[in-house]
1. Heavy-atom accessible area of Ile15 with all protein chains present, probe 1.4 Å, nearest 10 Å²?
2. Roughly how large, in nm² to one decimal, is the mean projection of the convex hull of the alpha-carbon atoms in region 148-197?
3. With a cap of 16 neighbouring Cβ atoms within 10 Å, and only residues DSSP puts in a loop, list the trypsin sites (Lys or Arg not before Pro) found in region 86-128.
4. Given a Förster distance of 22 angstrom, what is the FRET efficiency for Asp111 paired with Glu216, based on the Cβ-Cβ distance and rounded to 0.05?
5. Distance check, please: which entries in Lys195/Lys215; Lys169/Lys195; Lys90/Lys169; Lys90/Lys139 exceed 18 angstrom between their Cα atoms?
6. Find the accessible area per residue for region 87-194; the probe is 1.4 Å, ligands and nucleic acids are left out, and the unit is Å².
7. P(r) tail for region 1-46, what percent of Cα pairs lie past 14 Å?
8. How many percent of the accessible area of region 98-219 is carbon or sulfur, using a 1.4 Å probe?
Amino acid sequence: MQEELRKRHLFFRDIDGRPSLEYAIALKRYQARQGFAVTGLADEMTLYSLGIGEPASPAEGKADLPDIPVLKSDAALREQRPAPAPVPTKEQNAGAVAKSEIHAFLRRYFDASQSANPQDELAFYADRVEYFDHGAVDKPYIQNELAVYDQRWPVRKYSLGDSVRVVRKGNFTIARTRVSFDVANPPNNRTAHGKTDTTFSLAKRGESLEIVSVKEARVRRPSRHRRRPPNFPAAVGRTIHHVFRSIFH
């Protein structure tokens with residue numbers, strides 16, 4: 001459940017399988033979004049909607065009900081993914097924009113992402129954006145997500161690396177960069193930091209740029225293998241052998 005809620009940017013704590021206030025709030029938000037009874041409990045309908053459980057037995061009668069739950073016994077539809085964001089037109093193609101200009105645009109974006117005012121970051125997005133794993137959404141949806149994230153992590157700092165990889169695919173201009181983040185929630189004494197590989201699809205908006213798609217992946221630290229200690233008797237034997245060779249050579 002926590003994994004599925006995190007995919008939908010509703011649950012932000014570590015995946016530990018334990019009940020918590022944050023988990024209950026995330027579950028209630030999902031249930032409200034889906035039009036379910038807001039109970040904060042992982043009932044059969046909620047589980048099926050998240051792709052975890054089995055469909056509930058349908059109510060008797062005709063199957064001509066609307067695409068939202070009407071009765072508690074109705075089978076819930078799986079969460080529908082909206083259509084992807086529109087492909088930039090020829091006029092919106094950012095293929096001629098210099099790499100340095102794209103890098104400067106992304107720096108301004110991450111500076112705005114540190115602001116407590118969601119409008120600062122919202123100004124960088126197109127009217128419809130393929131937003132992380134939410135599918136294509138509009139700006140009011142993003143504004144709501146930004147407000148929730150600001151409550152979760154009111155203190156944020158992002159550092160953009162010096163290198164940005166730019167790839168042109170049709171009318172899409174795709175920029176990939178590594179970002180360091182430090183976030184904190186002082187009232188709750190919580191902090192988190194790390195790095196992400198973030199991918200943007202960019203289009204032109206007049207003389208500037210806009211984001212039509214954004215994805216990110218956490219950069220995992222490579223596991224460090226402990227160095228095996230030397231075989232003590234063998235090490236001593238090699239040392240003695242070396243000393244004797246030095247004396248009698």
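The values are calculated or read from the model by the stated rules, or taken from the named source; none is laboratory data. Please read all numbers here as calculations on a predicted model, not as lab measurements. For neighbour counting, all protein chains shown are included, and Cβ atoms are generated from backbone atoms with ideal geometry for every residue, glycine included. For accessibility, only protein heavy atoms count, side chains too; no ligands or nucleic acids. Shrake-Rupley method; radii C 1.70, N 1.55, O 1.52, S 1.80 Å.
1. Accessible area of Ile15: about 70 Å².
2. On the way: hull surface 18.1 nm².
It is 4.5 nm².
3. Answer in residue order: Lys90.
4. So the FRET efficiency works out to roughly 0.80.
5. Over 18 Å apart, Cα to Cα: Lys169/Lys195; Lys90/Lys139.
6. Details: 5780 Å² over 108 residues.
Per-residue accessible area for region 87-194 comes out at 53 Å².
7. Summing the P(r) of region 1-46 above 14 Å gives 40 percent of all pairs.
8. 48 percent
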